[in-house]
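This report refers to the structure that appears directly beneath it.
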Amino acid sequence: MAKQIIKGMTMLLLIMAVAFVTAVASANGQSRHDVAKIPFEFVVGDKSLPAGEYDITSMTSGDQVLRIRNAEQNQSVIRLTSAISHGSPVDKGKLVFRRYADQYFLAEVWSDGDTSGRELQKSKRERALQRELASIPSKGEWAQSGYEIVDIAAVRH
């Protein structure tokens, strides 16, 4: 009787292991992987990253977690994201930044052909900068929003 229970448990664990490996392989085959050359220093979360070529890779099957990695500098950031919809498929992949004076913050990631992108939450640093700029009376081009949108092309790999 004990041998049958052990044999049954072993088969169950083996089936679960095969299912897990298949799910991971399937998710990795469909995951987001974009490359972009960013010509300026920028901020993701609480980390400043230098200009350079970046890989943007999904860490989950639904793209909820993205890794932004600079291979040259061996630096990376992992961030939670939320889905945003464009309605129709975008023609070209892009990274969307919010620029406050000379500081850039990564805001969105879009892959070519997708109808939805990924939005990164504003960091404490960006929210503080936004509040600071909003308190300064100005009539410049950023008077309404406090920032400018900057798009950088991204290529799916």
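Would you confirm, using the coordinates I've provided, whether Glu108 is surrounded by 12 or more Cβ atoms within 10 Å (Cβ to Cβ), part of a strand (DSSP E or B) and at pLDDT 90 or above? Considered against the rule, which asks whether it is surrounded by 12 or more Cβ atoms within 10 Å (Cβ to Cβ), part of a strand (DSSP E or B) and at pLDDT 90 or above, Glu108 comes out as yes. Considering (1) at pLDDT below 90; (2) open to solvent by 60 Å² or more (accessible area, probe 1.4 Å), the lone condition that Lys122 does not fulfil carries the number (1).
For the stretch 92-105, indicate whether the set of residues that are in contact with a Phe, Trp or Tyr (Cβ under 6 Å, 6 or more places away or on another chain), without any contact (Cβ under 8 Å) to a residue 24 or more places away in the chain and under 21 Å from Pro39 (Cβ atoms) is non-empty. Checking the stretch 92-105: not a single residue is in contact with a Phe, Trp or Tyr (Cβ under 6 Å, 6 or more places away or on another chain), without any contact (Cβ under 8 Å) to a residue 24 or more places away in the chain and under 21 Å from Pro39 (Cβ atoms). For the subset of the stretch 27-47 comprising residues that are over 15 Å from the mean Cα position of the chain (by Cα) and open to solvent by less than 60 Å² (accessible area, probe 1.4 Å), which member is modelled with the highest pLDDT? Among them, the one singled out is Phe40. Entry remark, the stretch 56-76: residues being free of Cβ contacts under 8 Å to residues at least 60 places away in the same chain and either open to solvent by less than 30 Å² (accessible area, probe 1.4 Å) or in a strand (DSSP E or B) (or both) number 11 in total. For Ala153, the conditions (1) among the small types (Gly, Ala, Ser); (2) within 23 Å of Phe40 (Cα to Cα); (3) open to solvent by 20 Å² or more (accessible area, probe 1.4 Å); (4) outside any strand (DSSP E or B) are fulfilled apart from (4).
The values are calculated or read from the model by the stated rules, or taken from the named source; none is laboratory data. Remember, predicted model here, so these are calculated numbers, not experimental data. Virtual Cβ from ideal backbone geometry, glycine too; neighbours counted across all protein chains shown. Quick note on the areas: whole protein, heavy atoms, side chains included, nothing else; ligands and nucleic acids left out. Shrake-Rupley method; radii C 1.70, N 1.55, O 1.52, S 1.80 Å.
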